[in-house]
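What follows is one structure encoded as structure tokens, with my remarks underneath.
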Amino acid sequence: MFNSAESVERLVNWLARLPGIGRKTATRLAFHILKLPAEEALELADIIRDVKEKVSFCSVCCNISETDPCHTCTDPKRRKDIICVVEEPMDAAALDKVDEFNGLFHVLGGRLSPLDGIGPDDLKIKELLARLNDKISEVIIATNPQVEGEATATYLARLIKPMGIKVTRIARGLPVGADLEYADSVTLTRALEGRQEF
Amino acid sequence: MAGIISAVFHIRDKMRVISLSINGFRNLTTIRADFSTGVNIFYGANASGKTNLLEALFTLCLGRSQRGVPDSILLNWNCDVYRLEGLVETKGRQYRLAVAFQRGGRKKLTLDSVQTGLAELYSHFTAVSAGPEDGEILAGPPSVRRAFLDIYLSQYTPNYLTILTQYQRALSQKNAALRREMDPSPFEPQLITFGAKVMHARQGFLSTLGEIASRYHYDISSGEQLVLMYRPTLPHMKVETSVEGFETLLQQRISEYGDRERAVQMTLVGPHRDEIVFEVGGYPARTHGSRGQCRTAAISLKLAIYHMLREKRGMPPLLLLDEVFAELDENRTAALVDAFSGFSQLFMTTATLPPAQLKELGHCYRVVGGHIEDLA
């Protein structure tokens, strides 16, 4: 098919390696890029280069950032006594959209998963402990509510609690706006366990 | 037999398989068949594929084989993909079901063209199968008993499967941690929470099952006692233990076994090591039971489960009987079918000519070399 255009085939092959992109979509994207005006296509190339060259990790919270420390860590309007611990930068981005949370983040860069060979030393836990001092009043653990996320939360709580800092876990239960009948039984059980008095 | 006829035609909430098409499943390379309500008899020589048809029906409805074998074994030797598709009616609604598996890949389950999971299938459909391999439930290794328990308890309490899956995931993480000499303790609170729920569900189910099955066994075997005991790897367990009680016991036992687990690099405490002890006529079935005793006891178990599921789910489960009549005369066959009274659809296999009364009630299919012919 691409006998006459080897570079297009290379592009398709490369795009097909992206998560969620199959061969068909990759082909469509490749031809779209091919049709773009040269400056637009090269702009994409530049953006990709920038992402790789400029973005690194904040040495404090371990989130992705173009500055070190990152804007979140240096923002004077944020509360400096609350740290919310998440697995990945995407989780921090999601929580950051919430007005109710105005504290700092700490990105672990994964979760405990011995099956994948990931232990505590592979996560940014030492960096988290280094941030904990008497000015910190609360650590919120917001790892995902799956087996591995829960184990990570357990591990962190055991480390941090003896330091005399309040450790909390985000609540698990029903998504707002969802129908009860569509919730799975584990979620419903959790929602019942976490019920609150009026 | 009047009992059967009336029962077949007076049930409003029922479950039945209307049609089934099979590709690349065991020795069944291509098959398509429509089935009737009531009795469907697969008749044919040994190794013609009768049992495989029952297995295909079970796998279609519940996403896995009643024999608990992996999908790679269900796959035809010469095929890379197996696919089961069928139309199944339950409680007055028809569903299009499909199960597909590719060699080296993952199994895909779809319900009305939407991808789904096992728990969803278990919440809609229910099936009970009985066959010659059931003797293993009493005489075989503990893993056979746990597999048997999990297949039917998942149908009895749909929540169970989800909790069991969570438990197994936490268990494989803890085992991996032990193998890699990492700290296994972060996974232990979840092993305790989910493990206690699994054990509590198993205890409740087995206590009801034991009661009902022993009554059936007493009748079928003319007065023999069948006793069933849940034996988890926990000391001091009471007959009625609450979820919290199991949590405490598990917690204690896990801390006692910590060193040993690290030494053998394996989790030694929890429901994955549960045992069920069967006693037939006062002796442990596993060591002292005869083949015949074990088979009769297994039929009593299946009868009990059939009635428990029927009651709990508000409809009779799909009934799959593999060669159960081979050793019975016509009267006992009729008695056994009567004991499974009220079924909405029965699939059975036989290598000998099917009992005449049963033939009148339904459809007969001849199975030859992995193919099926409608004989009615």
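What number in nm² do you get for segment A:70-197 if you take the convex hull of its Cα atoms and divide its surface by four?
Over all viewing directions, segment A:70-197 projects a mean Cα-hull area of 9.6 nm².
Could you compute the longest span of chain B free of trypsin sites (Lys or Arg not before Pro) located in DSSP loops and having at most 10 other Cβ atoms within 10 Å, not counting the site residues?
B:239-376
Principal axes first, then extents: for the Cα atoms of segment B:104-160, list largest minus smallest coordinate on each axis, whole Å, largest first.
The Cα atoms of segment B:104-160 stretch 41, 31, 20 Å along their principal axes.
With springs connecting C-alpha atoms under 10 Å apart, model chain A as a Gaussian network and identify which of A:ARG23, A:ARG158, A:ARG49 has the largest mean-square fluctuation.
The residue with the greatest mean-square fluctuation here is A:ARG23.
Restricting to DSSP loop positions (anything but H, G, I, E, B) with no more than 14 other Cβ atoms inside 10 Å of their own Cβ, which GluC sites (Glu not before Pro) remain in segment B:168-266?
Answer in residue order: B:GLU181, B:GLU240.
Taking the Cβ-Cβ separation of B:ALA339 and A:GLN146 as r and a Förster radius of 56 Å, what is the calculated FRET efficiency to the nearest 0.05?
0.80
Residues with amide H under 5 Å of A:CYS61's amide H, sequence separation 5 or more or different chain, H placed in the peptide plane at 1.01 Å from N; which?
So A:CYS61 has HN proximity to A:CYS70.
Got a sec? Which residues in segment A:125-140 would a label at A:ASP68 touch, if it sits 7 Å along Cα→Cβ and we count backbone N under 20 Å?
A:125-132
Extension gain B:ASP80-B:TYR95, at 0.36 nm per residue separation less the Cα-Cα distance, in nm?
Working it through step by step, the gained length comes to 2.8 nm.
Where nothing but the Cβ of Lys and Arg (+1) and of Asp and Glu (-1) is charged, how large is the charge dipole of chain B around its Cα centre, in debye to the nearest 20?
Its charge dipole is roughly 740 debye.
Picking from B:ILE254, B:ALA335, B:ILE137, whose Cα lies most toward the positive end of the charge dipole for chain B (charges on Cβ: Lys, Arg +1; Asp, Glu -1)?
Result: B:ILE254.
Keeping every protein chain present and rolling a 1.4 Å probe, give me the accessible area per residue for segment B:232-376 in Å².
For segment B:232-376, the per-residue accessible area is 47 Å².
Note down the relative contact order for chain B as a percent, whole number, built from C-alpha pairs under 8 angstrom at least six residues apart.
28 percent.
Name the residue, out of B:GLN94, B:GLN252, B:GLN225, whose mean-square fluctuation peaks in a Gaussian network model built on chain B with Cα pairs under 10 Å.
Most flexible of the set in this elastic network: B:GLN252.
Give me, ordered by chain and number, the residues 5 or more places off B:LEU318 or on other chains with an amide H under 5 Å from its own placed amide H.
Sorted by chain and number, the residues that satisfy this are B:THR126, B:ALA127, B:VAL128.
Can you list the HN-Hα couplings for segment A:87-100, worked out from phi with the Karplus curve (6.51, -1.76, 1.60; θ = phi - 60°), rounded to whole Hz and with x for Gly and Pro?
7, 10, x, 4, 5, 5, 4, 5, 5, 5, 6, 7, 5, 5
Counting only other chains, what is the mean number of Cβ atoms within 10 angstrom of the Cβ of each residue in peptide B:187-194?
Partner-chain Cβ atoms within 10 Å, mean over residues of B:187-194: 3.
Tell me which GluC sites (Glu not before Pro) from segment A:86-166 have a DSSP coil assignment and no more than 11 other beta carbons within 10 Å of their own.
Here the GluC sites (Glu not before Pro) that fit, given the DSSP loop and packing criteria, are A:GLU100.
Averaged over its residues, how many other protein chain Cβ atoms are within 10 Å of peptide B:155-166's Cβ atoms?
Whole-number average of other-chain Cβ neighbours for B:155-166 is 2.
At q = 0.09, 0.15, 0.19 Å⁻¹, what log₁₀ I(q)/I(0) does a Debye calculation on the Cα points of segment B:133-313 give, no solvent, two decimals?
-0.34, -0.88, -1.22
Calculate the dipole size of segment A:6-54 relative to its Cα centre from +1 charges on Lys and Arg beta carbons and -1 charges on Asp and Glu beta carbons; express the result in debye to the nearest 20.
360
Determine the sum of side-chain charges near B:TYR365: Lys and Arg each +1, Asp and Glu each -1, restricted to other residues whose C-beta is under 11 angstrom from that of B:TYR365.
With Lys, Arg at +1 and Asp, Glu at -1, the net is -1.
Which stretch or stretches of segment A:22-40 have amide N atoms under 15 Å from the point lying 7 Å from A:TRP14's Cα along the Cα→Cβ direction?
Once the point is set 7 Å along Cα→Cβ of A:TRP14, A:26-27, A:29-35 turn out to lie under 15 Å by backbone N, inside segment A:22-40.
Can you give me the Kirkwood hydrodynamic radius for chain B, using every pair of distinct Cα atoms, in Å to one decimal?
Hydrodynamic radius (Kirkwood, Cα pairs) of chain B is 21.8 Å.
Just how many % of Cα pairs in segment B:1-156 lie over 24 Å apart, if you round to the nearest whole percent?
37
Quick check for you: which residues of segment B:188-205 have the amide N under 16 Å from the point 7 Å beyond the Cα of B:ALA147 toward its beta carbon?
Output list for this probe position: empty.
Ranked from the most accessible area to the least, with a 1.4 Å probe and all protein chains present, what is the order of B:MET182, B:MET199?
I get B:MET182, B:MET199, largest accessible area first.
Per 5 Å bin, what percent of the C-alpha pairs of segment A:6-54 does each bin hold, from zero upward?
Bin by bin from 0 Å, the calculated values are 5, 21, 23, 26, 20, 5, 0.
Semi-axes of the equivalent ellipsoid of the protein assembly as shown: what are they in whole Å, largest first, if each equals the square root of 5 times a C-alpha gyration tensor eigenvalue?
Rounded to whole Å, the semi-axes are 52, 33, 20.
Considering only protein heavy atoms, what is the solvent-accessible area of B:SER72 at a probe of 1.4 Å, reported in Å² to the nearest 10?
Counting only protein heavy atoms, the figure is 70 Å².
Could you tell me which residue out of A:ALA183, A:ALA94, A:ILE125 lies farthest along the dipole of segment A:70-197 toward its positive end? Charges go on the beta carbon: Lys and Arg +1, Asp and Glu -1, centred on the Cα centre.
Final value for the positive-end residue is A:ILE125.
From the residues B:ILE22, B:GLY204, B:CYS294, which one has its Cα farthest along the dipole of the protein assembly as shown in the positive direction, the dipole being from +1 and -1 charges on Cβ of Lys/Arg and Asp/Glu about the Cα centre?
B:CYS294
Checking an interface number: how much accessible area is buried between B and A, summed over both chains, with a 1.4 Å probe, in Å² rounded to 100?
Interface area, both chains combined: 1700 Å², rounded to the nearest 100.
B:LYS312 to A:LYS166: FRET efficiency via 1/(1 + (r/R0)^6), r the Cβ-Cβ distance, R0 41 Å, to the nearest 0.05?
For B:LYS312 and A:LYS166, the calculated efficiency is 0.35.
Would you tell me the mean number of C-beta atoms belonging to other protein chains that fall within 10 Å of each C-beta in B:168-180, as a whole number?
Other-chain Cβ atoms within 10 Å of each residue's Cβ, averaged: 4.
If you roll a 1.4 Å probe over the protein assembly as shown with all protein chains in place, what percent of the accessible area is carbon or sulfur?
Ligands and nucleic acids excluded, carbon and sulfur give 52 percent.
Tell me, what is the percent relative contact order of segment A:6-54, built from C-alpha pairs under 8 Å that lie six or more residues apart?
27
Here is the link list: A:LYS54/A:LYS135; A:LYS54/A:LYS126; A:LYS80/B:LYS174; B:LYS50/B:LYS197; A:LYS52/B:LYS108; A:LYS97/B:LYS174. Which ones come out longer than 28 Å on Cα distance?
A:LYS54/A:LYS135; A:LYS80/B:LYS174; B:LYS50/B:LYS197; A:LYS52/B:LYS108; A:LYS97/B:LYS174
Hey, rough spin-label estimate for A:LYS97 and A:ALA130, points 7 angstrom out along Cα→Cβ, what's it come to in nanometres?
With each label placed 7 Å out from Cα toward Cβ, I get 3.2 nm.
Where nothing but the Cβ of Lys and Arg (+1) and of Asp and Glu (-1) is charged, how large is the charge dipole of segment B:133-313 around its Cα centre, in debye to the nearest 20?
The dipole magnitude comes to about 320 debye.
The values are calculated or read from the model by the stated rules, or taken from the named source; none is laboratory data. The structure displayed is predicted, hence computed values, not measured ones. All Cβ positions, even for glycine, are placed from backbone atoms using ideal geometry, and neighbour counts span all protein chains on display. Heavy atoms of the whole protein, side chains included, go into the accessibility calculation; ligands, DNA and RNA do not. Shrake-Rupley method; radii C 1.70, N 1.55, O 1.52, S 1.80 Å.
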